[in-house]
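A.B. asks: Supplied in C-alpha coordinates, the structure appears directly below.
The values are calculated or read from the model by the stated rules, or taken from the named source; none is laboratory data. Keep in mind it's a predicted model, so treat the numbers as computed, not measured. Cβ placement follows ideal geometry from the backbone for every residue including glycine, while neighbour counts extend to all protein chains displayed. Protein only, heavy atoms only, side chains kept; ligands, DNA and RNA dropped before computing areas. Shrake-Rupley method; radii C 1.70, N 1.55, O 1.52, S 1.80 Å.
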Amino acid sequence: YYRANADDYTSGTLTFPLSGLPVGKHTLRLKAWDVANNSSEKEIEFEVTNELEITEISNYPNPLSDYTYFVLKHNQPGATLDVIFDVYDKNGRSVDRFQTTVGSNGNTTNPVRWDIAESRIAATPGVYVYRAIVQNSDGIISSKSGKMIIAQ
(Lines give C-alpha, C1' and ligand atoms only; values in the text may rest on other atoms or scores of the structure.)
Protein backbone atom coordinates (compact mmCIF):
# COMPACT_ATOMS: atom_id res chain seq x y z
CA TYR A 1 0.00 0.00 0.00
CA TYR A 2 3.08 2.23 0.23
CA ARG A 3 4.56 3.83 -2.86
CA ALA A 4 7.82 5.80 -2.65
CA ASN A 5 7.99 9.13 -4.45
CA ALA A 6 10.00 9.12 -7.68
CA ASP A 7 13.70 9.82 -7.07
CA ASP A 8 13.15 10.17 -3.31
CA TYR A 9 13.46 7.13 -1.06
CA THR A 10 12.72 9.25 2.04
CA SER A 11 9.06 9.98 1.26
CA GLY A 12 6.04 8.46 -0.39
CA THR A 13 2.32 7.86 -0.27
CA LEU A 14 0.29 5.29 1.62
CA THR A 15 -3.05 4.40 0.03
CA PHE A 16 -5.31 1.98 1.87
CA PRO A 17 -9.02 1.55 1.14
CA LEU A 18 -11.28 1.97 4.16
CA SER A 19 -14.68 0.59 3.26
CA GLY A 20 -17.69 -0.17 5.36
CA LEU A 21 -17.08 2.62 7.88
CA PRO A 22 -20.24 3.93 9.51
CA VAL A 23 -21.26 7.57 9.08
CA GLY A 24 -19.61 9.76 11.69
CA LYS A 25 -16.24 10.95 12.96
CA HIS A 26 -13.28 8.58 13.01
CA THR A 27 -9.65 8.64 14.13
CA LEU A 28 -6.88 6.81 12.32
CA ARG A 29 -3.53 6.17 13.99
CA LEU A 30 -0.68 4.97 11.79
CA LYS A 31 2.73 3.78 12.95
CA ALA A 32 5.43 2.90 10.42
CA TRP A 33 9.04 1.75 10.56
CA ASP A 34 11.88 2.24 8.11
CA VAL A 35 14.53 -0.36 7.26
CA ALA A 36 16.70 0.85 10.16
CA ASN A 37 13.82 0.14 12.60
CA ASN A 38 13.13 3.86 13.21
CA SER A 39 9.43 4.45 13.82
CA SER A 40 7.07 7.37 13.38
CA GLU A 41 3.44 7.73 14.40
CA LYS A 42 0.72 10.04 13.09
CA GLU A 43 -2.96 10.43 13.87
CA ILE A 44 -5.65 11.97 11.69
CA GLU A 45 -9.32 12.60 12.26
CA PHE A 46 -11.85 12.38 9.45
CA GLU A 47 -15.59 12.22 8.97
CA VAL A 48 -17.56 9.77 6.86
CA THR A 49 -20.69 11.30 5.35
CA ASN A 50 -23.53 9.94 3.29
CA GLU A 51 -23.46 13.00 1.02
CA LEU A 52 -22.27 13.37 -2.55
CA GLU A 53 -20.11 16.46 -2.97
CA ILE A 54 -18.78 17.78 -6.26
CA THR A 55 -15.68 19.68 -5.17
CA GLU A 56 -14.60 20.95 -8.58
CA ILE A 57 -15.75 21.04 -12.18
CA SER A 58 -13.58 22.01 -15.13
CA ASN A 59 -13.32 21.71 -18.87
CA TYR A 60 -10.40 21.56 -21.26
CA PRO A 61 -9.46 22.99 -23.62
CA ASN A 62 -10.86 26.30 -22.45
CA PRO A 63 -11.20 28.46 -24.55
CA LEU A 64 -12.45 25.92 -27.06
CA SER A 65 -13.34 25.97 -30.72
CA ASP A 66 -14.79 22.56 -31.66
CA TYR A 67 -15.08 20.45 -28.52
CA THR A 68 -14.20 20.27 -24.85
CA TYR A 69 -13.91 17.64 -22.10
CA PHE A 70 -15.70 18.02 -18.76
CA VAL A 71 -14.09 16.60 -15.61
CA LEU A 72 -15.56 16.46 -12.10
CA LYS A 73 -13.82 15.96 -8.77
CA HIS A 74 -15.96 14.41 -6.03
CA ASN A 75 -15.94 12.57 -2.70
CA GLN A 76 -17.01 9.14 -4.03
CA PRO A 77 -13.76 7.28 -4.93
CA GLY A 78 -14.13 4.92 -7.87
CA ALA A 79 -17.85 5.66 -8.25
CA THR A 80 -19.87 5.42 -11.44
CA LEU A 81 -22.08 8.50 -11.65
CA ASP A 82 -25.09 9.49 -13.74
CA VAL A 83 -24.56 13.05 -14.98
CA ILE A 84 -26.75 15.56 -16.79
CA PHE A 85 -24.80 18.40 -18.40
CA ASP A 86 -26.55 21.69 -19.21
CA VAL A 87 -24.89 24.43 -21.29
CA TYR A 88 -26.32 27.99 -21.27
CA ASP A 89 -25.47 31.13 -23.23
CA LYS A 90 -24.91 34.54 -21.61
CA ASN A 91 -28.67 35.24 -21.72
CA GLY A 92 -29.51 32.05 -19.84
CA ARG A 93 -30.89 30.23 -22.88
CA SER A 94 -30.24 26.51 -23.00
CA VAL A 95 -27.72 25.66 -25.70
CA ASP A 96 -27.50 21.94 -25.00
CA ARG A 97 -28.43 19.25 -22.50
CA PHE A 98 -27.10 15.72 -22.52
CA GLN A 99 -26.98 12.81 -20.11
CA THR A 100 -24.27 10.20 -19.62
CA THR A 101 -22.89 7.70 -17.15
CA VAL A 102 -19.26 8.25 -16.25
CA GLY A 103 -16.75 6.21 -14.29
CA SER A 104 -14.14 7.60 -11.92
CA ASN A 105 -10.44 7.13 -11.44
CA GLY A 106 -10.15 7.77 -7.72
CA ASN A 107 -12.00 10.99 -6.95
CA THR A 108 -11.89 12.31 -10.54
CA THR A 109 -14.31 11.34 -13.29
CA ASN A 110 -13.14 10.18 -16.66
CA PRO A 111 -13.36 13.03 -19.19
CA VAL A 112 -16.73 13.55 -20.92
CA ARG A 113 -16.52 15.01 -24.44
CA TRP A 114 -18.92 17.71 -25.67
CA ASP A 115 -18.93 18.71 -29.35
CA ILE A 116 -20.23 22.16 -30.28
CA ALA A 117 -21.52 20.84 -33.62
CA GLU A 118 -23.92 18.51 -31.77
CA SER A 119 -25.49 21.26 -29.63
CA ARG A 120 -29.19 22.10 -30.12
CA ILE A 121 -28.55 25.79 -30.85
CA ALA A 122 -25.67 27.12 -32.93
CA ALA A 123 -23.10 28.19 -30.36
CA THR A 124 -21.44 31.48 -31.27
CA PRO A 125 -18.21 32.85 -29.79
CA GLY A 126 -18.63 34.06 -26.23
CA VAL A 127 -18.87 33.04 -22.58
CA TYR A 128 -21.06 30.10 -21.62
CA VAL A 129 -22.09 28.61 -18.28
CA TYR A 130 -22.33 24.87 -17.81
CA ARG A 131 -23.81 22.82 -14.99
CA ALA A 132 -23.46 19.17 -14.07
CA ILE A 133 -26.22 17.48 -12.08
CA VAL A 134 -24.76 14.28 -10.63
CA GLN A 135 -26.43 11.26 -9.06
CA ASN A 136 -24.62 8.37 -7.38
CA SER A 137 -25.79 4.75 -7.09
CA ASP A 138 -27.58 5.56 -3.79
CA GLY A 139 -29.73 8.20 -5.54
CA ILE A 140 -27.98 11.12 -3.83
CA ILE A 141 -27.82 14.22 -6.08
CA SER A 142 -25.36 17.12 -6.23
CA SER A 143 -24.53 19.80 -8.79
CA LYS A 144 -21.77 22.20 -9.71
CA SER A 145 -21.32 24.81 -12.45
CA GLY A 146 -18.50 26.49 -14.32
CA LYS A 147 -17.72 28.84 -17.21
CA MET A 148 -16.17 28.28 -20.59
CA ILE A 149 -15.28 30.43 -23.57
CA ILE A 150 -16.07 29.48 -27.13
CA ALA A 151 -13.62 31.14 -29.53
CA GLN A 152 -14.06 30.39 -33.23
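A.B. asks: Compute, for Ile121, the solvent-accessible surface of its heavy atoms (probe 1.4 Å) with the complete set of protein chains present, and express it in square angstrom to the nearest 10.
C.D. replies: 80 Å²
A.B. asks: Lysines within cross-link reach of Lys144: Cα-Cα under 17 Å, excluding same-chain residues under 8 positions apart?
C.D. replies: Cα-Cα hits under 17 Å: Lys73.
A.B. asks: Still on this structure, please answer the following. For the stretch 22-71, what is the convex hull volume of its Cα atoms per residue in Å³?
C.D. replies: 167 Å³
A.B. asks: Describe numerically, in nm with one decimal, the distance between label points set 7 Å from Cα along Cα→Cβ at Asp138 and at Val23.
C.D. replies: Taking the simple label geometry, Asp138 and Val23 are separated by 0.7 nm.
A.B. asks: Computed on alpha carbon atoms, what radius of gyration and Dmax characterise the stretch 109-152, expressed in Å?
C.D. replies: Looking at the stretch 109-152, its Cα Rg and Dmax stand at 13.3, 41 Å.
A.B. asks: Once you charge only the Cβ atoms, +1 for Lys and Arg and -1 for Asp and Glu, what is the size of the charge dipole of the stretch 93-139 about its Cα centre, to the nearest 20 debye?
C.D. replies: 160 debye
A.B. asks: Okay, moving on. Over its Cα atoms, what ratio of radius of gyration to 2.2 N^0.38 Å does the stretch 1-147 give?
C.D. replies: Expressed relative to 2.2 N^0.38 Å, the Cα Rg reads 1.39.
A.B. asks: Over the stretch 1-138, what percent of the accessible surface lies on carbon and sulfur atoms, probe 1.4 Å?
C.D. replies: Carbon plus sulfur share of accessible area: 48 percent.
A.B. asks: Out of residues 5 or more away from Asn107 or on other chains, whose amide H comes under 5 Å of its own, with H placed 1.01 Å from N in the peptide plane?
C.D. replies: Under 5 Å from the amide H of Asn107: Gly78.
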